[in-house]
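Below is one structure, written out as structure tokens; the observations come after it.
The values are calculated or read from the model by the stated rules, or taken from the named source; none is laboratory data. Bear in mind the structure is a predicted one, so any value in this text is a computation, not a measurement. Cβ: placed from backbone, ideal geometry, glycine included. Neighbour counts: every protein chain shown.
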């Protein structure tokens, strides 16, 4: 089996596995603190127990997600060196700075999260307790920022030059703020906020469908859909910039994602379809001029085709489907949250109709899928490079004979963790339903 | 001071921090499981939970800090150790992942679940054992360079008495460090029953700690005479370490000032750990990789040091706050908050 015989393939698959699992928790880890903060802030401002309870219950689920995010993050951190030793040796020289700072950012976040969780009732003033969340949210966003610049560097290795096989002129700052970083970082952070909102919205909508017609869930749904809409729109805007970045600096990635082979002007955007033998897509949806607009903001602009890239440096063409999945889900979520927001603003009953709620429930997993598709597209779309133009994955991978075995072991681990998360989260919220908890709170409030 | 020395000192200090913090954590998990097994959980579980809950995540960050830092300051370590440690470190990661997440599952999901608690306790002893293998490998004799690529000789590693001495020391040290810390913590909480039990554990594990540690120095004499020689040059550091050890055991024995006893214990381990670290210099992986071969370029070294100082300025006040709220707040420790 290739997995056991070829360490390069094995390393790629194990990295794929770890990142695919980790990114779910990393994304929610970045986005959910902001949601908790907003809920608690609204709760304090409106003096509404429901929002405070929302923050409290989200935080309780959040720690479980953070735990898995921490341990899988440790796994990928070490696997980078274990699976890609040549790459990390080179990367250590140039891009170690943001990796190092990421640890600080996370450290900062972890400390304050610990304090926040165990001090719910230690502050007289709720606002002081809310303040503890600020470093948590900042730490989370900074972690995402730093780590994404490393990925940006892999796509756009700036900040050093190689003369006669020797590395010279290293500038860690330039490497960190490489050409790919601005669009990548904003895209990652915006989508983390968007996905977290829609995942929490899905939970609220699901609760409302399960007979519970509690105001608590309605408020949760309303809040998350609104925040989700804002970040979904932000994501679309950033996505447009990402398209322009790719067209200018990584044309082969955009071309592979778009099945755009010949350099031409007035290029259409191709969605889905099947690629024939002559590289002609059939059954595809074509949006005229759209690729030219995405790439250069001009319907008549010329877009570089994949044929300009040497055959052995072309990414695999199936990234097209990842790209399409990401775009489709993003657009769907903008539409859905816009309709929800508009309908509830106008007081139309469609906002609280069953089909609407089912669609919102579907939006949670779909948003996660969009994140996954985006990362698959980003990583497969960079092939054969691990560091674009400098080092290929073949050159970077370990030669160890045991990569396949480790793949099996880690697959087992992620399965155990995945099941554990589902079981524990269900238990936490089932054993302690919100009605019960709110009831207790109300009693306490009266006693005071 | 050259950048490589600064880098090494910083990283070694963080590794030491991890050894202490993680030992407390690992040992606490073990004592918790052991107390459930022997029906003493009524005495111990509460005090252990009280301490572990807010700090478990912080422990892990020390480790991440160390390995990210070493790749930054000494990128060649990523190549050498990355190439040879796939299997042992993967095992450690898996155990660490199970431990970390199942702690959270137990703590936030189903408190008192015996399966989780046992898993947590067992991994607490296996993880230090599996990580300690890295130190053994660094002593040399287990790595060959074939076609320019380092290869680990698994059989030589697992059949070496040095490997097993280090494994045993790591486990015993975990139990000792942890029981001394928890004795102090329980005492502060005013939980005399728990303090008495933990004090007994501390006294049980004190002597084995020193015996196994001396055993390793003895093993090194035949395994790596060069390293043994430089260890002997630092005999005075080990002597100080031993004096600290005697003083802290005496305090525990006399049931006096457990706080000072724990500080002395940190001193004991610090002197031994740094003496060991200094004596390894200049090798990162004997004899293939030295500190000066592998150090990063000046630009990166400077920026890492700047980032480190800035990071510390941010972290130290935060860590202080964490400790004040949970470690030095008597009312919290006693369970009144």
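Looking for something within 30 Å of residue A:56 (Cα to Cα) and either at the interface with chain B (Cβ under 8 Å from one of its Cβ atoms) or part of a strand (DSSP E or B) (or both) - is there at least one such residue anywhere in region A:148-165? Before you say what the answer is, go through the steps one by one.
Let us first name the residues in region A:148-165 that are within 30 Å of residue A:56 (Cα to Cα), namely A:148.
So of that shortlist, the ones also either at the interface with chain B (Cβ under 8 Å from one of its Cβ atoms) or part of a strand (DSSP E or B) (or both) come out as none.
No, region A:148-165 has no match at all.
Here residue B:292 clears all of (1) surrounded by fewer than 20 Cβ atoms within 10 Å (Cβ to Cβ); (2) facing another protein chain (nearest Cβ under 10 Å); (3) modelled with pLDDT under 85 except the condition numbered (2). Would you check if residue B:61 is out of contact with any strand residue (DSSP E or B) (no Cβ under 8 Å at 6 or more places or on another chain), crowded, with 21+ Cβ neighbours inside 10 Å, at pLDDT 85 or above and within 27 Å of residue A:414 (Cα to Cα)? Criteria not met by residue B:61.
Applying the condition of being touching a residue at least 60 places away in the same chain (Cβ under 8 Å) and under 24 Å from the mean Cα position of the chain (by Cα) to region A:252-292 and asking which residue is farthest from residue A:388 (Cα to Cα) yields A:258.
Summed over region A:67-111, residues that are more than 7 Å from every other protein chain (Cβ to nearest Cβ) and over 20 Å from residue A:149 (Cα atoms) total 1. The helices (runs of 4 or more DSSP H) located wholly in region B:44-155 that include 1 or more residues which are farther than 24 Å from residue A:106 by Cβ, touching a helix residue (DSSP H, G or I) at 6+ places or on another chain (Cβ under 8 Å) and more than 9 Å from chain A (Cβ to nearest Cβ) occupy B:86-104, B:114-138. With respect to being part of a helix (DSSP H, G or I), surrounded by fewer than 19 Cβ atoms within 10 Å (Cβ to Cβ) and touching a helix residue (DSSP H, G or I) at 6+ places or on another chain (Cβ under 9 Å), residue A:206 fits the description.
Going through region A:261-275 one residue at a time, which ones are part of a loop (DSSP other than H, G, I, E, B) and under 13 Å from residue A:318 (Cα atoms)?
Taking region A:261-275 first, the residues part of a loop (DSSP other than H, G, I, E, B) are A:261-263, A:266-268, A:272-273.
Hits for region A:261-275 are A:272, A:273.
Any chance region A:26-41 includes a residue that's within 8 Å of chain B (Cβ to nearest Cβ), touching a residue at least 40 places away in the same chain (Cβ under 8 Å) and surrounded by 24 or more Cβ atoms within 10 Å (Cβ to Cβ)? For region A:26-41, residues within 8 Å of chain B (Cβ to nearest Cβ), touching a residue at least 40 places away in the same chain (Cβ under 8 Å) and surrounded by 24 or more Cβ atoms within 10 Å (Cβ to Cβ): absent.
If you go through region B:156-168 and keep only what is part of a helix (DSSP H, G or I) and closer than 19 Å to residue B:283 by Cβ, you end up with B:156, B:157, B:162, B:163, B:166. Taken over region A:392-431, the criterion of being within 26 Å of residue A:253 (Cβ to Cβ), outside any helix (DSSP H, G or I) and either within 9 Å of chain B (Cβ to nearest Cβ) or touching a helix residue (DSSP H, G or I) at 6+ places or on another chain (Cβ under 6 Å) (or both) is satisfied by A:397, A:398. Evaluating residue B:281 against the criteria (1) within 13 Å of chain A (Cβ to nearest Cβ); (2) closer than 16 Å to residue B:4 by Cβ; (3) under 22 Å from the mean Cα position of the chain (by Cα) leaves one unmet condition, (1).
Quick check on region B:117-126. Is at least one of its residues touching a strand residue (DSSP E or B) at 6+ places or on another chain (Cβ under 6 Å), buried (at least 24 other Cβ atoms within 10 Å of the Cβ) and either farther than 22 Å from residue B:223 by Cβ or modelled with pLDDT of 85 or more (or both)?
Within region B:117-126 (the criterion being touching a strand residue (DSSP E or B) at 6+ places or on another chain (Cβ under 6 Å), buried (at least 24 other Cβ atoms within 10 Å of the Cβ) and either farther than 22 Å from residue B:223 by Cβ or modelled with pLDDT of 85 or more (or both)), the answer is no, since none of the residues qualifies.
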